[in-house]
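All remarks here apply to the structure that follows.
Here, each number is a calculation from the coordinates, and none is a lab measurement. Only a predicted model underlies this, so the values are computations on that prediction, with no experimental measurement involved. Every residue, glycine among them, receives a Cβ derived from its backbone with ideal geometry; neighbour counts consider all protein chains shown.
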Amino acid sequence: MKVAARTDIGQNRDMNQDFIFVSENPVGNLPNLCVVADGMGGHNAGEYASQKTVEVMIAQLMRGGKESIKEQIRNAAYQANQTILDVAKSDQKMQGMGTTLVGVVCDGAKATVFNVGDSRMYIIRSNGISQVTEDHSLVQEMVNKGEITSADMKEHPRKNIITRAVGVQDELDVDFFDLELKEGNLLLLCSDGLSNMLKEEEIQQVVYNRKISIELRVEQLVQMANDNGGADNISVILVDPFA
């Protein structure tokens, strides 16, 4: 397994509210873990929410347990959710904060993917790219209802409204996806600062360029997102499960 990751402030933000975590080594009982969190909130609340969510999850996961990978992740996300809610209740400046969450655990030819919000995971093959996660967003709901097309999502004026996030409600519903991986498959986790700035075909072309290292591919994606406007913070994690 080989991983390359980068987070960048972009062109239009005063601070980076994204937070990324990468461990190719075990995290508690998990064989490895990669996470992207995209925070929201005024002052430095979004920055706090994304980092604190990941830190609380890691601390919880490090304790281990006999539960399945999914249950351990669900419990860790729940602990993080409660922590963010408690801080928001005790500090007026932090009210309204929250964060997206997308992550993956790779175990041989299997991968467990989880998400809350509109940060995404893609699987990239030699012949194409597929979004694994489904956005928890207003525009995704509109697509599901047939009110707009997928192509309309990036330009829609309400594209930034998410319908699910960590730290917003007492209940937290985490989506899980099971992947069967094949040699040559690559996994990409990202915040919407990347997915809103690049077409999926552009992402696929860069990610599957075997002539350059995965580190350079990540750098190239971030640069392209910035060249296209860099409207938001940009976070990218690229995983080669079989390297």
Simple Cβ-charge dipole of the chain, Lys/Arg +1 and Asp/Glu -1, about Cα centre, in debye nearest 20: 360
Dipole of the chain, positive end: most advanced residue of 81, 207, 223 [Cβ charges, Cα centre]: 207
Cα-based equivalent ellipsoid, the chain: semi-axes from gyration tensor eigenvalues, Å: 25, 23, 17
DSSP-loop GluC sites (Glu not before Pro) across the stretch 179-219, with at most 16 other Cβ within 10 angstrom: 183
Sparse-neighbour loop sites [trypsin sites (Lys or Arg not before Pro); the stretch 143-228; at most 15 other C-beta within 10 Å; DSSP]: 145, 158, 182, 199, 210, 211
GNM flexibility winner over the chain from 37, 231, 151 (Cα, springs under 10 Å): 151
Mean ellipticity per residue at 222 nm, deg cm²/dmol - from DSSP H runs of n ≥ 4 across the chain, formula -39500 (n - 2.57): -9500 deg cm²/dmol
Mean separation of Cα contacts under 8 Å, 6 or more apart, over the residue count of the chain: relative contact order %: 27
The stretch 43-88, relative contact order [Cα under 8 Å, separation at least 6], %: 47
GluC sites (Glu not before Pro) within the stretch 1-85, DSSP loop, no more than 16 other Cβ atoms inside 10 Å: 24, 67
Cα gyration tensor shape of the stretch 3-107, rounded if a/c is under 1.5, else prolate or oblate by comparing a/b with b/c: oblate
GNM result for the chain, Cα springs below 10 Å: residue of 160, 75, 144 fluctuating most strongly: 144
